[in-house]
Amino acid sequence: MRKRKTLEKIKPYSAGKKYKNTIKMSSNENPLGPSPAAIRAIKKDLKNINTYPDPACSNLKKALAKKYKVTENQIITGNGSDELMVMIAATYLNPGDNIITGKNTFSEYEFAANLMDAETQKAPMTDGSFNLDAILSLINSKTRIIFICNPNNPTGTYIGKTKILDFIKKIPEDILVVFDHAYAEYVTAADYPSDRELIDSKKNVVILHTFSKVYGLAGLRIGYAISSPERIADISLTKQPFNNNIPAQKAALAALSDDGFLKKSQNINEKGKKYLYKELKNMGLFFYPTEANFICIRLDRDSREAFLEIAKRGVSIRALDSFGLAGWIRVTIGTEKQNRLFIKALSSYLSDKGV
Ligand SMILES: Cc1ncc(COP(=O)(O)O)c(C=O)c1O
């Protein structure tokens, strides 16, 4: 039996690992756990899981439409935003087409392109940020989608509104621009673009969101995309009818209105960020200022060795060689206790190496 040729290009996904007896700071999950309101909502509805879920995810879409001041036909939900990336690729890519993204970013854009036998063009990045001019210069007649991760995983850098809106204006009408806002709720920069501004700027803009990060629901797999009614209608053609299960729909809806949990998660992130910045500076390490719930740190050492050595000292972090950043690591901002443990493990490792 011969599998499709394009599958030869696919490398297995390299997920954030958890070494045994360590705390996990490798996957940008919420260190506070899930929203308590979400847990209550799941428990209440467990008795109904003999039935199929609502294929339209209506209640959640209604709530999201209200939040973003858009109409319900401007939203589609997915089994995590990962699924939406594949759905978008399945909607717009024919074999031989290409997507453009950055050199050091989330790998699932390339995965989705590979599935459709499309090429991935990777634009060089500048100081850990997407370089929009470099992206523009890669556009050719086969380009169908541009994926921009803002803030970017794994660097944590972001691009402001003026640059983004100017960029969108320069994109030809037959190219889709997808902004991945997986970490948007953590952003504090005043000039971060609002979803509404981006969606209103052009029909062919799609914004991806997830409940996996600040809402703490990574294990349930639920995310959503916002765009024009036209693009959502296109993408809906690839949707499996029951892609969001009942617990995921209920939990997401409850988490969305759990403002207390959202604020608490944002506050703990800000506090942790300040502490980690201070400690990393004291250690003389270079890192990118982050607008997300993780920090990208340059160690100038083999990042796999760093992963193993830091894990031996009780903390699992992410080696960034698979993101094209050999010598760099990424750590999720955790609770006060977790952040202290990480700093202790990192300084012990570096001092044992004579750094
Ligand atoms: C930039 C980015 N987008 C999307 C995802 C995945 O989101 P989901 O869990 O909704 O599939 C991640 C997960 O790490 C991410 O870093």
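The numbers here are math on the coordinates, done by the rules we state, and not lab data. Keep in mind that what you see is a predicted model, and the values were worked out from it rather than measured. Here the Cβ is made from the backbone with ideal geometry for all residues, glycine too, and neighbour counts use every protein chain on show.
Assorted remarks:
- Springs join every pair of Cα atoms under 10 Å in this Gaussian network model of the chain, and among SER129, SER26, SER257 the largest mean-square fluctuation is at SER257.
- Share of pairwise Cα separations in the range 9-132, more than 21 Å, in percent: 63
- Euclidean distance of C-alpha centroids, the range 73-120 and the range 233-311, integer Å: 21
- Ellipticity estimate at 222 nm from DSSP helix runs (n ≥ 4, -39,500 (n - 2.57)) divided over the chain, nearest 500: -11500 deg cm²/dmol
- Out-of-range pairs (alpha-carbon distance over 22 Å; input LYS67/LYS250; LYS17/LYS337; LYS264/LYS337; LYS17/LYS281; LYS24/LYS344): LYS17/LYS281
- Options TYR68, GLY219, LEU138, ranked by Cα towards positive dipole end of the chain, top entry (Cβ charges): GLY219
- Counting only residues at least eight positions apart within a chain, or on another chain, the lysines with an alpha carbon under 17 Å from that of LYS142 are LYS122, LYS170.
- Normalising by residue count, the chain has a Cα convex hull of 149 Å³ per residue.
- Surrounding net charge for ALA63, when Lys and Arg each add one and Asp and Glu each subtract one, Cβ distance under 14 Å: +2
- Cα Rg over Rh - the range 195-336, Kirkwood: 1.05
- Packing rank of 199-208, 115-124, 310-319, where each peptide gets the mean count of other beta carbons within 10 Å, highest leading: 310-319, 199-208, 115-124
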